[in-house]
Amino acid sequence: MDFSLEDEDIMQARKKGGDEGVSALLAEKLAAKKPDFVCFSVYVWNRRILEGTCRHLKKMLPDCICIAGGPEVTADPLSFDSFDFMIAGQGERAMVELLDAMAKSETGITDCNEIGRAFGVQGVYRTENSLSAPSPHPAGHNEIVRACPLPPEMTASPYLDGTLDPSKYGGALWELARGCPFKCSYCYESKGEKKIAYFPMERLEKEIELFAKKKIAQIFVLDPTYNASKERAIKMLRIIEKKAPGTFFYFEARAEFIDRELARAFSRIPCCLQIGLQSANPEVLKNVHRTLEKKRFEKNIGFLNEEGVTFGFDLIYGLPGDNFKGFCESIDFALSLYPNNLELFCLSVLPGTDLHDAAKGFGMEWESQPPYHVLRTPQFSEKDLAKAERLSLATNLFYTKGRAVAWFNSVIYVLREKPSDFLKKFEEWLGNDKKTLASTGSIRDWTADENSAQIEELQLAFIQKRFHEKGLDRYLPAAEDLIRMHAALGRCTFDGTESTFTTRYHPDDVMSEYGTDIEFFTENCGKQKCRVHVFVGKNGADWRTI
């Protein structure tokens, strides 16, 4: 059974009763099926809801057996008391063995085995154990017993066997591999498999053919380090190019493994790469078992820019050893490399990770319940974390949702400001200007708003203010034309919206290679007032003067 927080009835239930209201609704829907057992996939973002769902369901159907798995369970199965059984690790084999053992048992779920081996099945925990057994984490003892994984070649494809119909959703989650060779201490993989288990290419090729046949618009690739094997990555990209040329793919990649050949292979398919930078400070990254060679990072990202590959970065604030100034420097470094998007996250100290074990040694304090956000560190005060959150919201609004990559650094150069300083001023302006607030609402409201035309007007209003304050009004016409042209083309590309507007320079000049050097362009290009129409042409978004 599929549920989404965007389902109309679930949104209404959440509006009326919060997470508890959602839990009650889900339990009601599940109970209507009169199941003998229900399996729940538990993540940070749905743990509270699903624990509540199980409690409500058990009241309606006392004999229904509830089994939980997923990252949250794997991290600390003994922290759950709602479910009858918890499976730590990969569940394909353990799930079947558990149900088989229960079916054969004459004593039902009261069969008692050692912790982590309920019914003799490795990786399975019972609720009764959680009430009496010590937590596995505090002293670093009682390591979690994980289920025995099936080899990838023995694991069934939920798409090929008909369990999931990808055409039912807005896209597909496509699993290529399990495990990660890295040990980033904030990630669940830090205590997972240290080697990568790849699914057979034959299976993946058949899945690609199915996605193409069903005309799936976008696919999110589930592989923590897609380009860990360059040879395999390029082989898969060639298969995608041949068999699903019209589908958009999202990959997670490591910048240190990107070279020109791989960048060129990515450029031949519609795709976006998300790259975990996390911090631009190598010393901070050492604290979480990551490395960064800045020059190599810049060089490899340069290959993506040269080949025209769309990519974004992830940054985390609140990392051990980092501070607000360092977070701002990371934003400056990231935006200097022209990412299409910049995703900024508060650090979560996830149970079952190496960081969770080491966090107190760093003097960190964090939430005991999901999402486990860091509350304060010796270097990052509560006040500074709040500032970082506001800066993150402002960056998301102005840069990522505002699709500013094509012109952002051009504007920053004219102002002679660091990106983080500019964005801090934007956040302050949005928060302090009563006139702006009256028409826009809070910055949180804005980050939830998908109206790019309104965001464009907000960007222009702030840039006009900054240019005027610095006596740079003569450069405004060129800057405004550059922003309006790219905004209109972006809307046309993403959702087919056509528009007509006025520019002070000819659009062909604005979109030339000189258009992004606003100062040079202003001094050397003659003005020519034009009415411009942006439309969907044969090769995508295009424009003409009218």
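Full extension from residue 508 to residue 460: what is 0.36 nm times the residue separation minus their Cα-Cα distance, to one decimal in nm?
On the way: separation 48, 0.36 × 48 = 17.28 nm, distance 2.09 nm.
So the chain would gain 15.2 nm between residue 508 and residue 460.
On a 0 to 90 degree scale, rounded to 10, what angle separates helix 452-469 from the longest Cα axis of the chain?
50 degrees
Once ligands and nucleic acids are excluded and a 1.4 Å probe is used, how much of residue 400 is accessible, expressed in Å² to the nearest 10?
30 Å²
Semi-axes of the equivalent ellipsoid of the chain: what are they in whole Å, largest first, if each equals the square root of 5 times a C-alpha gyration tensor eigenvalue?
Working through the eigenvalues yields semi-axes of 46, 27, 24 Å.
Taking square-rooted eigenvalues a ≥ b ≥ c of the alpha carbon gyration tensor, is the range 6-48 rounded, prolate or oblate, where a/c under 1.5 means rounded and, failing that, a/b exceeding b/c means prolate?
Details: a/c = 2.31, a/b = 1.31, b/c = 1.75.
Oblate is the answer for the range 6-48, as a/c is 1.5 or above yet b/c matches or exceeds a/b.
Could I have the simple spin-label model distance between residue 15 and residue 418, label points 7 Å from Cα toward Cβ, reported in nm to one decimal?
Roughly 4.3 nm, to one decimal.
When ligands, DNA and RNA are left out and all protein chains stay put, how many square angstrom of accessible area per residue does the range 463-546 have with a 1.4 Å probe? Don't skip to the answer; put the middle values down first.
On the way: 4560 Å² over 84 residues.
In whole numbers, the range 463-546 has 54 Å² accessible per residue.
Tell me, what is the per residue accessible area of the range 294-380 in Å², probe radius 1.4 Å?
Numbers: 3450 Å² over 87 residues.
Per-residue accessible area for the range 294-380 comes out at 40 Å².
Too long at a 31 Å Cα-Cα cut-off: which of 383/465; 230/425; 214/299; 58/183? Walk me through the numbers before you get to the answer.
Values: 383/465 28 Å; 230/425 42 Å; 214/299 38 Å; 58/183 39 Å.
Table pairs above 31 Å Cα-Cα are 230/425; 214/299; 58/183.
So, in nm, how far is label residue 369 from label residue 194 when the simple model puts each one 7 Å beyond its Cα toward the Cβ?
It is 3.7 nm.
Please report the orientation-averaged projected area of the range 169-267, defined via the convex hull of its C-alpha atoms, in nm².
Details: hull surface 26.6 nm².
Computed as one quarter of the Cα hull surface, the answer is 6.6 nm².
Can you tell me the 0 to 90 degree angle between the C-alpha axis of helix 419-432 and the longest principal axis of the chain, rounded to 10?
Rounded to the nearest ten degrees, it is 90.
Using the alpha-carbon atoms, what tilt in degrees (0 to 90, nearest 10) does helix 92-104 show relative to the longest principal axis of the chain?
Orientation of helix 92-104: about 30 degrees from the principal axis.
Nearest 5 is fine: what % of DSSP beta bridges in the chain come out antiparallel, could you say? Provide the component values of the computation, followed by the final result.
Working: 19 of 51 bridges.
Given both bridge residues lie in the chain, the antiparallel proportion sits at roughly 35 percent.
5 Å is the cut-off here: which amide hydrogens, built 1.01 Å from N in the peptide plane, fall below it relative to residue 68, excluding neighbours closer than 5 in sequence?
Sorted by chain and number, the residues that satisfy this are 40, 85, 86, 87.
Using label points projected 7 Å from each Cα along Cα→Cβ, tell me how many nm separate residue 535 and residue 523, to one decimal.
3.9 nm
With contacts defined as alpha carbon pairs under 8 Å and 6 or more residues apart, what's the relative contact order of the chain in percent? Kindly include the intermediate steps, with their values, before the conclusion.
Numbers: 898 pairs, mean separation 40.6, N = 546.
Value for the chain: 7 percent.
Report the gain in length on full extension from residue 307 to residue 499: 0.36 nm times residue separation, minus Cα-Cα distance, nm rounded to one decimal.
Details: separation 192, 0.36 × 192 = 69.12 nm, distance 2.90 nm.
Full extension of this stretch gives 66.2 nm more.
When a/c is below 1.5 the answer is rounded, else prolate if a/b is larger than b/c, else oblate, so apply that to the range 311-424 with a ≥ b ≥ c taken from the square roots of the Cα gyration tensor eigenvalues. If you can, show how the numbers build up before the last one.
On the way: a/c = 2.57, a/b = 2.07, b/c = 1.24.
Taking the square roots of the gyration eigenvalues as a ≥ b ≥ c, the range 311-424 is prolate.
The values are calculated or read from the model by the stated rules, or taken from the named source; none is laboratory data. On a predicted model such as this, the values are computed, not experimentally measured, just so you know. Backbone-built Cβ (ideal geometry, glycine too); neighbour counts: all protein chains shown. Side chains are part of the model used for accessible areas, which takes the heavy atoms of the whole protein and leaves out ligands, DNA and RNA. Shrake-Rupley method; radii C 1.70, N 1.55, O 1.52, S 1.80 Å.
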